[in-house]
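**Q** Starting off with a structure, shown below.
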Amino acid sequence: MGYRVVVAGATGNVGREMLNILAERQFPVDEIAALASRRSIGTEVSFGDTTLKTKDIEQFDFTGWDIALFAIGSDATKVYAPIAAKAGCVVIDNSSLYRYDPDVPLIVPECNAEAIHGYAKKNIIANPNCSTAQMVVALKPLHDRARIKRVVVSTYQSVSGSGKEAIDELWDQTKAVYNPTAEYERKVYTKDIAFNVIPHIDVFMEDGSTKEEWKMVAETKKIVDPAIKVTATCVRVPVFVGHSESINIEFEDFLDEDEARDILREAPGIMVIDKREDGGYVTPKECVGDFATFISRIRQDNTVENGLNLWCVSDNLRKGAALNAVQIAETLGREVLKKG
């Protein structure tokens, strides 16, 4: 006996990836529904070897469905998540809407799977921001060993984090560089993204940080430990898929780089590729399509008392979004619903 599963936003990058990963990981599905907005009704999407036609989320009855994976943005989630939750369907939401709600667990299963039991207050579970998800997978096992005091992170985030239009924008601008007669319109980003980097993701806040940077701070505290101090600089780079992060960590206790390497090798969800030679590290292009979060360039930071540096790379459409949502569904099934 398996689950009746809904994927809302099935025609988007993350929604399609959710369907792919549910099939790849052989999630015990008895029945699956692909939902989209009214303008996308009937669009065909793949689920393993089968093809699904999308249904209208406005008319969909969530009664009798077990789990709904939402990838529809905060505005639509605000309308439809409470409807699904009230009907008894557990919502796993990829938007930012519920991440900071104290009655909604924010979960990365490798870090805080035990928080799953808090879902019942609203029948909703939140998926973290893509840049946070991969970072906390690396931080948690190190924090358990030596207690993290402070994290300084700079991100190198791919355009797929902004959706399909951003991927098209990078592609069109890149072509235009080689074909000066080609025209393109800048729709997604404030400056050209091709052959450029933009230190601006999401809206600016009063203190000069951006919302994306604030998310990394708030979510790390909620998932790992509220005592950790985090400062972030989030940058969009001309990469199609795969987020990278340069992370500097200051600990309460000394942690040798070799021990840190061993801890990370044994940690769930992590693959350590760390050779001090040409190519002995992972780049975002190499991580696309993989479930793992890759860690490289682990080294001591001798400018602080107990410091380490590391390089963290992951497929943002997978661990940063769709994979983590499916892992939450797996945890929910294993720990709470117990079907399949």
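**Q** Leaving out ligands and nucleic acids, and using a 1.4 Å probe, what accessible area per residue does the chain come to in Å²? Intermediate values should be presented prior to the final figure.
**A** Values: 15530 Å² over 340 residues.
Spelled out: the 1.4 Å probe surface of the chain, per residue, equals 46 Å².
**Q** Report H200's accessible area, 1.4 Å probe, all protein chains in place, as a number in Å² to the nearest 10.
**A** Accessible area, nearest 10 Å²: 50 Å².
**Q** Suppose every K and R has +1 on its Cβ and every D and E has -1 on its Cβ; what is the size of the dipole of the range 189-340 about the Cα centre, in Debye to the nearest 20?
**A** For this selection, approximately 800 debye.
**Q** Let me spell out the model: positive unit charges on the Cβ of Lys and Arg, negative unit charges on the Cβ of Asp and Glu, origin at the Cα centre of the chain. What dipole size does that give, in debye rounded to 20? Display every interim value, and only then the final one.
**A** Numbers: 40 positive and 51 negative charges, 140 e Å.
Dipole about the Cα centre, nearest 20: 680 debye.
**Q** Where the centroid of each part is defined by its Cα atoms, how far is the range 1-33 from the range 166-239 in Å?
**A** When both Cα centres are located, 28 Å separates them.
**Q** Picking from L310, Q157, L142, whose Cα lies most toward the positive end of the charge dipole for the chain (charges on Cβ: Lys, Arg +1; Asp, Glu -1)?
**A** Farthest towards the positive end: Q157.
**Q** On to the next question. Subtract the Cα-Cα distance of K338 and E114 from 0.36 nm times their separation in residues, and report this length gain in nm to one decimal. Spell out each step's value before the answer.
**A** On the way: separation 224, 0.36 × 224 = 80.64 nm, distance 1.52 nm.
Once the chain is fully extended between K338 and E114, it gains 79.1 nm.
**Q** Sticking with this one: Determine the order of M216, M205 by accessible area, beginning with the largest, at a probe radius of 1.4 Å. Working shown, then result.
**A** Numbers: M216 0, M205 70 Å².
Result of the area sort, largest leading: M205, M216.
**Q** For an R0 of 30 angstrom, estimate the FRET efficiency from the Cβ-Cβ distance between M1 and K121 and round to the nearest 0.05.
**A** Numbers: r = 27 Å, r/R0 = 0.88.
Calculated transfer efficiency: 0.70.
**Q** Turning to a different aspect of this structure: Hey, what number do you get for the chain at 222 nm if only DSSP H runs of n ≥ 4 count, each worth -39500 (n - 2.57), divided across all residues, to the nearest 500?
**A** Values: 9 runs with 99 residues, N = 340.
When only DSSP H runs of four or more count, the value is -9000 deg cm²/dmol.
**Q** Write down the Kirkwood hydrodynamic radius of the range 289-340, to one decimal in angstroms, obtained as one divided by the mean of 1/r over all alpha carbon pairs. Each step should come with its number before you reach the end.
**A** Values: mean 1/r = 0.0740 Å⁻¹.
Kirkwood hydrodynamic radius for the range 289-340: 13.5 Å.
**Q** Rounded to the nearest 20 Debye, what is the dipole magnitude of the range 87-179 about its Cα centre when Lys and Arg each give +1 and Asp and Glu each give -1 at the C-beta?
**A** Numbers: 10 positive and 10 negative charges, 99 e Å.
Dipole size: approximately 480 debye.
**Q** Projecting each Cα onto the charge dipole of the chain (Lys/Arg +1, Asp/Glu -1 at the beta carbon, about the Cα centre), which of A232, T293, A322 comes out farthest on the positive side?
**A** Checking the options against the dipole of the chain, the answer is A322.
**Q** Calculate the length of the line joining the C-alpha centroid of the range 69-134 to that of the range 303-333, in whole Å.
**A** The range 69-134 and the range 303-333 have Cα centres spaced 17 Å from each other.
**Q** Here's a follow-up. Debye calculation, C-alpha points only, no solvent: report log10 I(q)/I(0) for the range 1-86 at q = 0.15, 0.24 Å⁻¹, in the same order as the q values.
**A** The computed values of log10 I(q)/I(0) come out as -0.48, -1.27.
**Q** Considering the range 208-338, what Rg and Dmax in Å follow from its alpha-carbon atoms?
**A** When restricted to Cα atoms, the range 208-338 yields Rg and Dmax of 16.0, 49 Å.
**Q** Please give the length that would be gained between K191 and T233 if that part of the chain were fully extended, namely 0.36 nm times their separation in residues minus their C-alpha to C-alpha distance (nm, one decimal). Display every interim value, and only then the final one.
**A** On the way: separation 42, 0.36 × 42 = 15.12 nm, distance 1.74 nm.
Result: 13.4 nm gained on full extension.
**Q** To continue, here is another question. Out of these labelled values of semi-axes √(5λ) of the Cα gyration tensor in Å, (i) 45, 20, 19; (ii) 32, 26, 18; (iii) 56, 36, 18, which was calculated from the coordinates shown here?
**A** (ii)
**Q** Something else now. Starting from the range 162-260, pick out the GluC sites (Glu not before Pro) whose DSSP state is loop and whose Cβ has at most 12 other Cβ atoms within 10 Å.
**A** On the way: sites: E165, E169, E183, E185, E206, E212, E213, E219, E245, E250, E252, E257, E259; in loops: E183, E185, E206, E252.
Here the GluC sites (Glu not before Pro) that fit, given the DSSP loop and packing criteria, are E183, E185, E206.
The values are calculated or read from the model by the stated rules, or taken from the named source; none is laboratory data. Since the model is a prediction, treat every value here as computed from it, not as a measurement. We place every Cβ from the backbone using ideal geometry, glycine too, and count neighbours over all the protein chains shown. Note: areas computed on protein heavy atoms with side chains; ligands, DNA, RNA excluded. Shrake-Rupley method; radii C 1.70, N 1.55, O 1.52, S 1.80 Å.
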